[in-house]
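The values are calculated or read from the model by the stated rules, or taken from the named source; none is laboratory data. Since this is a predicted model, take the numbers as computed values, not measurements. FYI the Cβ positions are ideal-geometry reconstructions off the backbone, even for glycines, and counts take in every protein chain you see.
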Amino acid sequence: MVVLFMEVMDTLASLEGFAQEMASLIKREVDIKANEDEVAALIANEWSSRYNQLVTSGNYRSLRSLARDVMLTVTRKYSLGLGGRELEYWGDALANAFVTVAKIYDDVEPALNELSNLGVQMYILTNLDNDIAKKILLKNGLLRFFKGVISSDLTRAGKPNARIFNAALYRAKISKDDALIVSGLIEDIIGGKLSQIKTVFVNRRKINLTVKPDYIIGNLTELPKLLANMSNP
């Protein structure tokens, strides 16, 4: 039976609204001459731009590092004059905003229950920082389903870099032929191809894919049947 490596983002949880939550945190604690929506728009644009650039170049490392860089942009834009230690604090605070806004999709727990009852081994493989992923799962009672969490900050390589996928195989002590990536992120499809691991794309957003995964499902309730079909072609 294959071992599953699941992403959190757009797979188990929706993280929409993180920019607004970050802006709200900043407005509460910093004297900033801009309204919350303006700050949220800046954060959203800067976050998307920097994340995509880092992922495309293969240089993404950690959520906190990205959060610090985004906060540095906010600092410069509004002349906040924050120092190194303050930026460290804000990197941590903004990263934890993901825990606050995370909303688990309705199909997740029933699907994980079924997979667990079938004896399927599952790991988290994520571009979130390790503690952030664990906090989201623990908060929603899902950490118990997973044997471990492999994350970009601890492997020092983010998706789609093949190093994080190889680290996952090493952690689970399996070969690539016994692994299956389950994710709603395109970077997992790319990383799967680079590391020669099969991928299941969870197309929650109904997007048109430019890179083709091995399998596509609409939500996780379709996964047990897919695994059964794979076992009995």
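Residues to consider are ASP131, ASP188; find the one that is in a helix (DSSP H, G or I), of a type outside the set (Lys, Arg), in contact with a strand residue (DSSP E or B) (Cβ under 7 Å, 6 or more places away or on another chain) and closer than 18 Å to LEU63 by Cβ. Before the answer, list the steps.
Values: ASP131 fails: in contact with a strand residue (DSSP E or B) (Cβ under 7 Å, 6 or more places away or on another chain).
ASP188 is the lone residue from the list that is in a helix (DSSP H, G or I), of a type outside the set (Lys, Arg), in contact with a strand residue (DSSP E or B) (Cβ under 7 Å, 6 or more places away or on another chain) and closer than 18 Å to LEU63 by Cβ.
Every residue in the stretch 29-66 that is among the aliphatic types (A, V, I, L, M) and modelled with pLDDT under 95, please.
Taking the stretch 29-66 and keeping what is among the aliphatic types (A, V, I, L, M), we get 30, 32, 34, 39-44, 54-55, 63, 66.
VAL30, ILE32, ALA34, listed by residue number.
Summed over the stretch 53-110, the residues that are outside any helix (DSSP H, G or I) and over 23 Å from ASP188 (Cα atoms) give a count of 6. Kindly indicate the residue of the stretch 199-233 that is over 17 Å from TYR105 (Cα atoms) and touching a residue at least 40 places away in the same chain (Cβ under 8 Å) and also surrounded by the most Cβ atoms within 10 Å (Cβ to Cβ) among those meeting that condition. Looking at the filtered set, the residue picked out is LEU227.
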